[in-house]
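The values are calculated or read from the model by the stated rules, or taken from the named source; none is laboratory data. From a predicted model like this one, the values you see are computed outputs, not experimental measurements. Here the Cβ is made from the backbone with ideal geometry for all residues, glycine too, and neighbour counts use every protein chain on show. Protein only, heavy atoms only, side chains kept; ligands, DNA and RNA dropped before computing areas. Shrake-Rupley method; radii C 1.70, N 1.55, O 1.52, S 1.80 Å.
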Amino acid sequence: MQPTSPAFKANAHRALADPVLQQALGFARSGFQSKRQSAAERLPEFEALRDAAKAIKDHTLAHLDLYLEAFEQRVIEQGGKIHWARDAAEARALILKLCRAAGARAVTKSKSMVCEEIELNEALEASGIARVETDLGEYIVQLAGETPSHILAPAIHMTKERVAELFAEHHGRPRVDAPEALLAEARRALRQRYFEAEVGITGANFLIAATGSVVLVTNEGNAELTLGLPRTHIAVASLEKLVPTLEDACTLLRVLARSATGQEFSAYTTILTGPKRSRDLDGPASFHVVLVDNGRSQVVGSEFQDILRCIRCGACMNHCPVYLATGGHAYGWVYPGPMGAVLTPQFIGIEQAHHLPSASSFCGRCEEVCPVRIPLPRLMRHWREQEFGKRLSPPTARYGTRLWAFAARRPALYHLGARMAAGLLGLLGRRRGRFRSLPLAGGWTGSRDLPAPPGQTFQALWRARSRRR
């Protein structure tokens with residue numbers, strides 16, 4: 001996937017003008033938010049669980065080397081194999097080698113953002129290995145030749161009508177439009193593919209150091225079929241998915257589903273420990289875990305370490321006004337939304353992704369709903385500082401920031417300028433109450449009107465109100 005992050009502004013303008021996309025994003029604007037709120041309110045200890053989840057992740061990151069060694073030892077003891085990948089290229093090479101060793105002509109694959117990150121799909125197809133995505137959203141995106149636009153709901157940018165068109169085109173059957181009929185059509189198309197695959201590839205929601213187990217969470221059961229039917233299972237996971245114990249994983253699971261979809265628990269939670277044993281009825285004969293670093297070890301101990309607490313619930317983007325207006329493809333790489341605005345510069349460089357940390361109003365909703373309390377606005381601010389230091393922002397923005405800083409360090413001058421600006425704008429906008437356009441404010445007025453100020457600064461209004469009391 002070639003990043004289009006440098007073109008974020010153009011991508012965003014196209015997204016805002018796309019009526020089909022705006023219609024499709026309607027569900028995220030309402031459904032995800034209300035369901036999360038209801039789920040949190042039904043659990044009195046939800047805020048305490050968030051604190052516990054944060055503490056678990058912080059503890060694990062502080063002792064990551066010890067837990068990685070323990071996890072490797074337990075996986076080997078259970079009959080599995082560990083493969084270490086320093087970067088995306090090494091991860092792809094390892095997985096392809098495992099697929100060839102298994103004689104794979106076809107693989108099934110469940111949803112995995114780290115596989116998107118390492119560009120595994122392209123590598124499989126270039127090697128002549130047929131792959132099918134088994135998550136319904138990922139399957140739809142695969143048929144469309146697109147990439148996911150949400151880490152939780154990959155095809156959230158598509159309408160039901162578009163899905164019906166894709167199924168009719170690729171399945172060679174009469175078009176159906178009812179949601180139940182579309183679901184049945186997807187099941188029919190995917191069912192035989194599970195039995196044909198020699199290798200099943202999954203991600204991992206958590207890795208348990210104490211037992212060498214892989215934890216997978218789905219609502220469709222597709223990951224269970226993906227890992228249980230082929231003879232070889234490859235779990236691809238990044239280093240920060242590690243937790244010390246099963247109890248720790250259960251704490252994180254309690255906040256994961258509630259934050260992601262508003263469920264108390266996902267429909268399927270699978271804990272896989274090693275390959276199939278003689279007493280087991282099903283499971284893979286060969287079990288591999290590919291642990292991907294890809295720059296994460298450099299984040300540990302840095303000012304960005306907090307982002308490694310992320311459990312990929314999608315809550316930040318479900319509540320972000322920018323994501324909900326533009327969708328995920330505007331961000332131009334694997335990870336969209338506020339978490340993507342922090343992660344993407346880490347992976348592809350701030351030079352290519354410097355627009356993303358600025359694609360935020362800093363309203364704080366992302367941090368407010370994050371189940372592991374990641375201070376996303378603060379992390380984006382760190383990237384903005386690097387953008388400014390590297391002179392990546394436009395000259396007008398840099399000069400404007402310097403001018404503001406000059407005034408802010410001189411309170412008398414700042415207050416005088418604020419009074420003059422508020423008075424002038426209040427006078428000019430008094431008749432209409434808003435501005436359709438304004439010099440130096442095109443980023444705002446390009447898509448909405450700017451309300452006219454009341455003619456006084458906030459501090460002046462506050463003092464007047466206090467005197468009336």
Just one listed residue, out of 228, 262, 221, is open to solvent by less than 30 Å² (accessible area, probe 1.4 Å) and within 29 Å of residue 70 (Cβ to Cβ), and it is 228
Can you tell me which residue is nearest to the chain's Cα centre (by Cα) among those in region 238-266 that are part of a loop (DSSP other than H, G, I, E, B) and either closer than 25 Å to residue 319 by Cβ or free of Cβ contacts under 8 Å to residues at least 40 places away in the same chain (or both)? 261
Please list, ordered by first then second residue, the pairs with beta carbon atoms under 8 Å, 6 or more apart or interchain, first in region 88-99 and among the small types (Gly, Ala, Ser), second part of a helix (DSSP H, G or I). 88/117; 91/120
Residue 440 passes all but one of the listed conditions (1) of a type in the set (A, V, I, L, M); (2) assigned to a helix (DSSP H, G or I); (3) surrounded by fewer than 15 Cβ atoms within 10 Å (Cβ to Cβ); the exception is number (2)
Which residue pairs have Cβ atoms under 7 Å apart, sit 6 or more places apart or on different chains, and have a first residue in region 386-404 that is touching a residue at least 24 places away in the same chain (Cβ under 8 Å) and a second that is of a type in the set (Gly, Ala, Ser)? 387/393
For region 1-54, enumerate the residues that are among the hydrophobic types (A, V, I, L, M, F, W, C) and farther than 30 Å from residue 118 by Cβ. 16, 17, 20, 39, 40, 43, 46, 48, 49, 52
Name the pairs whose Cβ atoms lie under 6 Å apart, with the first residue in region 336-347 and closer than 12 Å to residue 317 by Cα and in contact (Cβ under 8 Å) with a residue 24 or more places away in the chain, the second assigned to a helix (DSSP H, G or I) and open to solvent by 10 Å² or more (accessible area, probe 1.4 Å), and 6 or more positions between them or separate chains? 337/316; 338/316; 338/366; 339/316
When you check residue 425 against the structure, is it under 42 Å from the mean Cα position of the chain (by Cα), over 28 Å from residue 358 (Cα atoms) and in a helix (DSSP H, G or I), yes or no? no
Does region 165-180 include one or more residues that are under 26 Å from the mean Cα position of the chain (by Cα) and at pLDDT 95 or above? yes
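Matching residues to (1) in contact with a helix residue (DSSP H, G or I) (Cβ under 6 Å, 6 or more places away or on another chain); (2) farther than 18 Å from residue 370 by Cα:
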| residue | (1), (2) |
| --- | --- |
| 22 | no, yes |
| 27 | no, yes |
| 32 | yes, no |
| 51 | no, no |
| 56 | yes, no |
| 78 | no, yes |
| 85 | yes, yes |
Among (1) out of contact with any Cys (no Cβ under 8 Å at 6 or more places or on another chain); (2) buried (at least 22 other Cβ atoms within 10 Å of the Cβ); (3) outside any helix (DSSP H, G or I), there is one condition residue 210 misses while meeting the rest; what is its number? (2)
Taking region 323-337 only, how many residues are surrounded by fewer than 24 Cβ atoms within 10 Å (Cβ to Cβ) and assigned to a helix (DSSP H, G or I)? 3
Give me the residue from region 1-11 that is open to solvent by less than 80 Å² (accessible area, probe 1.4 Å) and in contact (Cβ under 8 Å) with a residue 40 or more places away in the chain and, out of that set, nearest to residue 122 (Cα to Cα). 1
When both residues are 6+ apart or on different chains and their Cβ atoms are under 8 Å apart, which pairs have a first residue that lies in region 451-469 and is among the β-branched types (Val, Ile, Thr), and a second that is surrounded by 10 or more Cβ atoms within 10 Å (Cβ to Cβ)? 457/415; 457/418; 457/419; 457/422
Given the residues 249, 260, 235, which is the only one that is in contact with a Ser or Thr (Cβ under 6 Å, 6 or more places away or on another chain) and modelled with pLDDT of 95 or more? 235
From the list 452, 412, 405, pick out the single residue that is small (Gly, Ala, Ser), modelled with pLDDT of 85 or more, out of contact with any Gly (no Cβ under 7 Å at 6 or more places or on another chain) and closer than 30 Å to residue 325 by Cβ. 405
If you scan region 443-464, which residues turn out to be open to solvent by 80 Å² or more (accessible area, probe 1.4 Å) and in a loop (DSSP other than H, G, I, E, B)? 448, 454, 456
Considering only residues that are more than 27 Å from residue 365 (Cβ to Cβ) and open to solvent by 10 Å² or more (accessible area, probe 1.4 Å), which ones fall in region 231-243? 231, 232, 239
Residues (among the acidic types (Asp, Glu) and more than 25 Å from residue 372 (Cα to Cα)) located in region 275-319: 280, 282
So residue 273 ticks every box in (1) open to solvent by 50 Å² or more (accessible area, probe 1.4 Å); (2) in contact with a strand residue (DSSP E or B) (Cβ under 7 Å, 6 or more places away or on another chain); (3) among the polar types (S, T, N, Q) but one. Which box is left unticked? (1)
Please give the helices (runs of 4 or more DSSP H) falling wholly within region 12-77 in which 3 or more residues are among the charged types (D, E, K, R) and open to solvent by 30 Å² or more (accessible area, probe 1.4 Å). 46-62, 64-77
